[in-house]
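The values are calculated or read from the model by the stated rules, or taken from the named source; none is laboratory data. All values reported here derive from a predicted model rather than from experimental measurement. Cβ atoms come from the backbone with ideal geometry, glycine included; neighbour counts cover every protein chain shown.
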Amino acid sequence: MSNRNYEAMFILDNNAASADFEGTSAQVDEILQKHGATIVQKEKWDERKLAYEIKGHRRGTYYLTYFSADPDMIRKIDEDVHLNEMILRHMVLTLERPIDEHIATQAAERELLAEDSRKNSLGGWGGRRGDRDRDRRGPPPRRDAAPADDAPAGAPAKADAPAAKAEAPAAKAEAPAPEAAPAKADAAPEAKQDETKTAATEAGAES
């Protein structure tokens with residue numbers, strides 16, 4: 001079977017790697033070469049705090065390697081790595097692209113992340129992000145600004161319409177109440193009373 005390309009990350013004993021990184025990382029290289037792997041590139045990463053304790057260690061030194069090997073050898077590499085006390089954890093990934101192309105892509109992505117981090121720490125180009133967005137949108141509208149004078153000539157203002165309607169009931173309320181009618185109605189009983197008195201008086205006189 002033909003060789004395939006791999007990326008492998010190893011977490012090394014931090015104490016051993018701090019004292020002698022070359023000697024500690026050489027143990028990883030020996031395991032890979034023992035099983036016929038060809039190391040294309042290797043890189044020391046930084047020391048980091050582990051998410052959880054591994055083999056009594058809370059910190060580890062990261063060691064990244066790229067190699068090509070027979071796929072049947074990966075299981076044997078894993079077995080030897082688990083037996084080595086200097087290697088706390090490891091992860092091997094199969095690459096679908098050539099190693100040099102994959103490395104170039106990874107480097108470009110890391111540079112973009114670093115550039116974004118620098119921009120965020122400086123507030124972006126030309127100021128904070130919020131300031132840039134506000135500059136693009138323009139100043140916010142004033143709440144007390146007068147409405148635009150774009151209504152056609154002669155058109156009544158919408159705000160005045162309710163006031164005009166409100167005045168109509170007031171005009172009706174001011175109209176004088178019809179008092180003449182009750183006066184006539186009252187006059188009729190008085191006239192009848194006078195006629196009754198007169199008739200009674202006349203009747204008394206005749207008697």
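Couple of notes before you dig in:
- Scanning the range 1-25 for residues that are aliphatic (A, V, I, L, M) and loosely packed, with under 13 Cβ neighbours inside 10 Å returns 1, 19.
- Unmet requirement for residue 6, which otherwise passes all of (1) under 13 Å from residue 65 (Cα atoms); (2) without any contact (Cβ under 8 Å) to a residue 60 or more places away in the chain; (3) of a type outside the set (A, V, I, L, M): (2)
- Of all residues in the range 34-43, none are surrounded by 12 or more Cβ atoms within 10 Å (Cβ to Cβ), of a type in the set (Gly, Ala, Ser), farther than 11 Å from residue 68 by Cβ and touching a residue at least 12 places away in the same chain (Cβ under 8 Å).
- Test for residue 60: is it surrounded by 13 or more Cβ atoms within 10 Å (Cβ to Cβ), at pLDDT below 80 and in contact with a helix residue (DSSP H, G or I) (Cβ under 8 Å, 6 or more places away or on another chain): no
- In this structure, residue 86 does not qualify as in the same structural domain as residue 13 (by TED's automatic domain parsing) and either farther than 14 Å from residue 10 by Cα or loosely packed, with under 12 Cβ neighbours inside 10 Å (or both).
- A count restricted to the range 44-60 and to residues that are touching a residue at least 40 places away in the same chain (Cβ under 8 Å) and of a type in the set (A, V, I, L, M) stands at 1.
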